[in-house]
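Just below is one structure, and these are the notes that go with it.
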Amino acid sequence: MSRPISTDRMARFLEMTSPDSEVETLEEIFQRMTTKIDGVSPPHDRPEGLPQICASWNVPYGRVLTWLMADAKRYAVYERALEVAAHALIAETVEIADSESPATQRDRLRVDTRFRIAESHAREKYGKRLQMEAPPVALIDAGLVGTAVALLQKFSQGRGREIDVTPQSDEDDPGI
């Protein structure tokens, strides 16, 4: 890309992301990512992704994404737009399933793709829920006294002698 074009793109980016324009830029990103465009034929009538928005504005996508990620509030707006768009994609699955034409492999792919996107961007609602069944648990006394008692009993086996390992209280000891 030539220097004048690159400079022009950067100037547009800086103008859009300036503190005076920040709110309007975020609002437009949100609207374009979450709203269908009336009067435009499919598939271009659907909400846009950030790369398409940046291409239409002729600004660097990487810079815009980095700008969004640099501030938690800006990035939250972007993530919210992704989540709202995911809900809209899930709503489209009913339309695909109820279509009059016979079901095709392409329809299945369209539905699966929408669910995968929703699973990624609206994880709480559409993410996989794992149920883990825990195996039976055997409780073992792993304390120091329990281990010492077990070791002393093991050492005393087969030698014909017994070792008393019962703990004594400090009150019984006259030396203290």
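Restricting segment 1-36 to residues that are small (Gly, Ala, Ser) and not in a helix (DSSP H, G or I), which is surrounded by the most Cβ atoms within 10 Å (Cβ to Cβ)?
21
Residue by residue, here is whether (1) assigned to a helix (DSSP H, G or I); (2) touching a helix residue (DSSP H, G or I) at 6+ places or on another chain (Cβ under 9 Å); (3) open to solvent by 40 Å² or more (accessible area, probe 1.4 Å); (4) among the charged types (D, E, K, R) holds:
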| site | (1), (2), (3), (4) |
| --- | --- |
| 67 | yes, yes, no, no |
| 76 | yes, no, yes, no |
| 92 | yes, yes, no, yes |
| 125 | yes, yes, yes, yes |
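Please pick out the residue among 116, 110, 106 that is open to solvent by 70 Å² or more (accessible area, probe 1.4 Å) and under 18 Å from the mean Cα position of the chain (by Cα).
116
The values are calculated or read from the model by the stated rules, or taken from the named source; none is laboratory data. As the structure is a computational prediction, the values presented were derived from the model and not from experiment. Glycine also receives a Cβ, built like all others from the backbone with ideal geometry; neighbour counts cover every protein chain displayed. Areas reflect the complete protein model, heavy atoms only, side chains present, ligands, DNA and RNA absent. Shrake-Rupley method; radii C 1.70, N 1.55, O 1.52, S 1.80 Å.
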